[in-house]
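Participant: Structure provided below as structure tokens; questions to follow.
The values are calculated or read from the model by the stated rules, or taken from the named source; none is laboratory data. Quick caveat: nothing in here was measured; it's all calculated off a predicted structure. With ideal geometry, Cβ positions are generated from the backbone for all residues, glycine too; neighbour counts draw on all protein chains shown. For the accessible areas, the whole protein counts, side chains as well, though only heavy atoms, and no ligand, DNA or RNA atoms are used. Shrake-Rupley method; radii C 1.70, N 1.55, O 1.52, S 1.80 Å.
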Amino acid sequence: MATVTTTARREGILRRPMAMTGVRSWFTTIDHKKIGILYGATAFVFFVVGGVEALLIRTQLAGPDGTLLNADQYNEVFTMHGITMIFLFVMPMAAAFFNYFIPLMIGARDVAFPRLNAYSYWVFLFGGLFLYSSFFLGGAPNCGWFCYAPNSIFDPTIGPTFYALGLIITGIASTAGAVNLAVTVINMRAPGMSLFRVPVFVWMGLVVQLLLVFSLPIITVALFQLLFDRQFGTHFFDPTAGGDPILWQHLFWLFGHPEVYVLILPAFGIFSEVLPVFSRKPLFGYQFVVFSGIAIGFIGFGVWAHHMFAAGLGPVANTAFGVSTAIIAVPTGVKIFNWMGTIYRGDIRPTSAMLFTLGGIMMFVIGGLSGVTHSIVPSDYQQTDTYYIVAHFHYVIFGGGVFAFFSAMFYWWPKVFGRLLNERLGVIEFVLMTIGFNLTFGPMHILGLQGMIRRTYTYPESLGLTFWNQAATVGAFLIAISVLLFIVNVVISHSKAKPADVADPWDARTLEWMTTSPPPVHNFDEIPTVHALDEFWHRKYVEDERTGRLVPAQAGAANGHDADHADGWQAIHLPSPSYWPLVAALGMPVIAYGVLYSWWWLVGVGFATALIGFYGWAMEPSVSEEDG
Ligand code: HEM
Ligand SMILES: [Cu+2]
């Protein structure tokens, strides 16, 4: 096993740890940066797959009586589209940015549990591959992304069992990742980085991890109950045997609504990082942005039944959840006003990152407004299960979430890869995606109010829904072209020679920009001491006593030695790469296939594989003895 540790104190000079390279290093890495890149690349592939499914849906619905897909195929495609976009794209893409940037932004060398971090990535990957193997092994999940009972227990196809097992596996990955990142933010901050000096992106990351830690156990219990009902003949959700299908809805949405904040809070963090940098102003109302994020996290656990207004819970429950849902619009609104306060009178630079952030906020606001109309119970009776709802959640998740991801990619690409993406292609991509997006999902509001219900593979000419469906389909293909343009941009940018130095191309504010691009494997030669929010900015610029204006600090001050470390360099310890997290993760899908086909010997093999992995992992020295 190669060593990557150094000691400096003894030799008085710094010997930087050596980065592992080559294909093998990607299978053994426990470096948060490499794991971040793995999450990002995998999530992007799933985004493309989910996008192809969306184009299949839109082609089927482009006109009445579509014949591209039959009813069963359509059910599989829209279900896998929803599952893929939420569990295999948005969540892991957020994990990619959190993994790569949280340690850098808090001045740490890595996350708290590097091997657990690798484990969570491999379990996520195997969970995604397990779910997609269903297309070749008897039938993909076909019950919608929330897979309601009793349909899910009586469905004769194997799809709902793949659904239950697949989401149990991805849930394990998310839980492991959440514990890791939450402990990292709480325990690994650099000296002086008190909680109100932590960047908003990190704060939103912490809230997201805590939402996951508290909501995933609920859905995991429900998934095991669904699995038991299907595989072992229990009756949790079977109304014919004393079970209650509404129980599934309660359990699913107790997880499902906090889940939508797991999907959107990363975007709120990204907006709060990008706006100040390209407005050359500090974030307006930093503490309000932080507290409103925390408030959303809390209230988010008290609104779940707004997904069940038509399930017959009664006027009292409906009213209570209608009110709690309206209340959650308040902290969300606070953020919008703080973002507007940040750009107000700012020195705006319309870079691609800034445009995607501004566009993302606007699309999210449109989605938020239709969300408020859902909280009014009688109007939701009209809207629920129609394309008005489909329009709403695409405006918030895609409009808010995906636009934010593209903003983050243009913003942080130079830090991760040491080169900038092409700005001109970025602006064209933004314009195309914005037009395509509104042409796809805007008309769905109208289609929904005209009575087009979701999850139906075709519609008759007589309903008069054709025109807006055609418009929506054209829009979907425009979105696809804009995503293709992004891929072309990446290829072109990486085929060019690397530019000299893009350590801080945007003149940014936070610690990740204080390192080189890409950062060294140990992140910082010296753990910085933090004295303020936007620490890097305040190292670069000081206030001129006479004019009160910000003037550049003396050269080298930004990345200089900290006086606090006058006693010389620290020893840099980094854990060694390891195969064992991958081995332990491999046990998961093996166990799942065993349960799926009731091959109990295979379940045994899976458990043995996982145990061998955990044993090897536990017995492995954390750092090499050479460090002594
Ligand atoms: C790329 C452009 C996209 C298009 C054209 C698109 C289109 C659609 C359509 C037409 C439906 C409704 C299917 C039906 O009910 O019959 C749907 C469902 C859904 N979409 Fe998208 N979508 C896109 C991107 C996304 C993204 C980025 C996300 C999430 C991040 C997403 C999440 C969902 C979810 C969760 C459902 C519900 C599936 C269900 O009913 O179980 N979509 N999409
Ligand atoms: Cu909800």
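Residue-wise test of (1) open to solvent by less than 70 Å² (accessible area, probe 1.4 Å); (2) among the aromatic types (Phe, Trp, Tyr); (3) without any contact (Cβ under 8 Å) to a residue 60 or more places away in the chain; (4) more than 19 Å from His306 (Cα to Cα).
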| position | (1), (2), (3), (4) |
| --- | --- |
| Tyr344 | no, yes, no, yes |
| Asp347 | no, no, no, yes |
| Ala353 | yes, no, no, yes |
| Gly359 | yes, no, no, yes |
| Gly371 | yes, no, yes, no |
| Ser375 | yes, no, no, no |
| Pro378 | no, no, yes, no |
| Tyr381 | no, yes, no, no |
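Participant: Also: Quick check on this structure: which one of Thr67, Thr79 is in a helix (DSSP H, G or I) and of a type outside the set (D, E, K, R)?
Facilitator: Numbers: Thr67 fails: in a helix (DSSP H, G or I).
On inspection, the qualifying residue turns out to be Thr79.
Participant: What are the pairs, 6+ residues apart or on separate chains, where a residue within the stretch 133-150 that is touching a residue at least 12 places away in the same chain (Cβ under 8 Å) has its Cβ under 6 Å from a residue that is among the hydrophobic types (A, V, I, L, M, F, W, C) and open to solvent by 10 Å² or more (accessible area, probe 1.4 Å)?
Facilitator: Here the result reads Gly138/Ile158; Gly139/Ile158, each pair linking the stretch 133-150 to a residue that is among the hydrophobic types (A, V, I, L, M, F, W, C) and open to solvent by 10 Å² or more (accessible area, probe 1.4 Å).
Participant: Suppose we filter the stretch 178-204 for residues that are of a type in the set (A, V, I, L, M), crowded, with 23+ Cβ neighbours inside 10 Å and more than 30 Å from Val590 (Cβ to Cβ); how many remain?
Facilitator: 5
Participant: Okay, next question. For Leu447, work out the one condition from (1) closer than 17 Å to Val365 by Cα; (2) open to solvent by less than 10 Å² (accessible area, probe 1.4 Å) it doesn't fulfil.
Facilitator: Condition not satisfied by Leu447: (1).
Participant: Here are the criteria: (1) modelled with pLDDT of 95 or more; (2) surrounded by fewer than 24 Cβ atoms within 10 Å (Cβ to Cβ). Tell me which single one Val123 does not satisfy.
Facilitator: Failed condition: (2).
Participant: Please enumerate the residues belonging to the stretch 526-556 that are at pLDDT 90 or above and out of contact with any Gly (no Cβ under 7 Å at 6 or more places or on another chain).
Facilitator: Within the stretch 526-556, Glu526, Ala532, Leu533, Asp534, Glu535, Phe536, Trp537, His538, Arg539, Lys540, Tyr541 qualify.
Participant: Of the residues in the stretch 254-267, how many are among the aliphatic types (A, V, I, L, M) and open to solvent by 20 Å² or more (accessible area, probe 1.4 Å)?
Facilitator: 2
Participant: Given Ala500, Ala532, which one is more than 13 Å from ligand 1 (Cβ to nearest atom) and over 30 Å from the mean Cα position of the chain (by Cα)?
Facilitator: Residue meeting the stated conditions: Ala500.
Participant: Could I ask something else about it? Answer yes if at least one residue in the stretch 333-347 is within 16 Å of ligand 1 (Cβ to nearest atom) and of a type in the set (Phe, Trp, Tyr), and no otherwise. Let's see the steps before the verdict.
Facilitator: Initially, the stretch 333-347 is screened for residues within 16 Å of ligand 1 (Cβ to nearest atom), giving none.
So far as the stretch 333-347 goes, no, none of its residues is within 16 Å of ligand 1 (Cβ to nearest atom) and of a type in the set (Phe, Trp, Tyr).
Participant: Collect the residues in the stretch 126-142 that are in a loop (DSSP other than H, G, I, E, B) and open to solvent by less than 20 Å² (accessible area, probe 1.4 Å), keeping them in residue-number order.
Facilitator: To start, the set of residues in the stretch 126-142 that are in a loop (DSSP other than H, G, I, E, B) comprises 137-142.
Listed by number, the residues that qualify are Gly139, Ala140, Pro141.
Participant: Follow-up. Residue under question is Trp145, and the condition is that it be assigned to a helix (DSSP H, G or I), under 20 Å from the mean Cα position of the chain (by Cα) and aromatic (Phe, Trp, Tyr); does it hold?
Facilitator: no
Participant: Considering only residues that are polar (S, T, N, Q) and under 27 Å from Leu550 (Cβ atoms), look in the stretch 486-522 and name the one that is surrounded by the most Cβ atoms within 10 Å (Cβ to Cβ).
Facilitator: Taking the stretch 486-522 as the starting set, the residues that turn out to be polar (S, T, N, Q) are 489, 493, 495, 510, 515-517.
If we keep only those that are under 27 Å from Leu550 (Cβ atoms) too, we end up with 510, 515-517.
Values: Thr510: 24, Thr515: 20, Thr516: 15, Ser517: 22.
It comes out as Thr510.
Participant: Restricting attention to the stretch 396-440, and to residues there that are open to solvent by 10 Å² or more (accessible area, probe 1.4 Å) and within 16 Å of ligand 2 (Cβ to nearest atom), which single residue is nearest to Ser375 (Cα to Cα)?
Facilitator: Val396
Participant: Among the residues of the stretch 280-323, count how many are more than 16 Å from ligand 1 (Cβ to nearest atom) and either touching a strand residue (DSSP E or B) at 6+ places or on another chain (Cβ under 8 Å) or open to solvent by less than 20 Å² (accessible area, probe 1.4 Å) (or both).
Facilitator: The number of residues fulfilling the criteria is 12.
Participant: If only one of Ala500, Ala471 is among the aliphatic types (A, V, I, L, M), in a loop (DSSP other than H, G, I, E, B) and away from ligand 2 (no atom under 16 Å from the Cβ), which one is it?
Facilitator: On the way: Ala471 fails: in a loop (DSSP other than H, G, I, E, B).
Sole residue among the options that is among the aliphatic types (A, V, I, L, M), in a loop (DSSP other than H, G, I, E, B) and away from ligand 2 (no atom under 16 Å from the Cβ): Ala500.
Participant: Only one residue in Leu129, Leu88, Leu125, Leu137 is within 14 Å of ligand 1 (Cβ to nearest atom) and more than 25 Å from Pro199 (Cβ to Cβ). Which one?
Facilitator: Leu88
Participant: Being at pLDDT 95 or above, closer than 23 Å to Ser324 by Cα and not acidic (Asp, Glu) is true for just one of Ile296, Ile270. Which residue is that?
Facilitator: Criteria check complete, one pass: Ile296.
Participant: A follow-up question, please. Pick from Leu211, Leu206, Leu227: which is outside any loop (DSSP other than H, G, I, E, B), away from ligand 1 (no atom under 16 Å from the Cβ), farther than 29 Å from Asn338 by Cα and in contact with a helix residue (DSSP H, G or I) (Cβ under 6 Å, 6 or more places away or on another chain)?
Facilitator: Result: Leu227 is the single residue among Leu211, Leu206, Leu227 that is outside any loop (DSSP other than H, G, I, E, B), away from ligand 1 (no atom under 16 Å from the Cβ), farther than 29 Å from Asn338 by Cα and in contact with a helix residue (DSSP H, G or I) (Cβ under 6 Å, 6 or more places away or on another chain).
Participant: For residues in the stretch 229-253 being under 30 Å from the mean Cα position of the chain (by Cα) and open to solvent by 40 Å² or more (accessible area, probe 1.4 Å), which is nearest to ligand 2 (Cβ to nearest atom)?
Facilitator: Taking the candidates together, the pick is His250.
Participant: Related question: Could you tell me whether Thr175 is crowded, with 24+ Cβ neighbours inside 10 Å, under 17 Å from the mean Cα position of the chain (by Cα) and closer than 20 Å to Ile83 by Cα?
Facilitator: Against the criterion (crowded, with 24+ Cβ neighbours inside 10 Å, under 17 Å from the mean Cα position of the chain (by Cα) and closer than 20 Å to Ile83 by Cα), Thr175 does not qualify.
Participant: Residues of the stretch 237-273 being out of contact with any Gly (no Cβ under 6 Å at 6 or more places or on another chain), of a type outside the set (D, E, K, R) and not in a helix (DSSP H, G or I), which ones?
Facilitator: Selection gives Gly242, Gly243.
Participant: Being among the aromatic types (Phe, Trp, Tyr) and surrounded by fewer than 22 Cβ atoms within 10 Å (Cβ to Cβ) narrows it down to one residue among Phe97, Phe47, Phe89, Phe101; which is it?
Facilitator: Phe47
Participant: Here's another thing I want to ask about it. For Val483, which of the numbered conditions (1) open to solvent by 40 Å² or more (accessible area, probe 1.4 Å); (2) of a type in the set (Val, Ile, Thr); (3) within 16 Å of ligand 1 (Cβ to nearest atom) fails to hold?
Facilitator: Here Val483 meets the rest and fails (1).
Participant: Report, ordered by the first and then the second residue, all pairs with beta carbons closer than 7 Å, sequence separation of six or more or different chains, a first member in the stretch 264-289 that is over 17 Å from Leu355 (Cα atoms), and a second member that is of a type in the set (Asp, Glu).
Facilitator: Cβ pairs passing all conditions: Pro282/Asp534.
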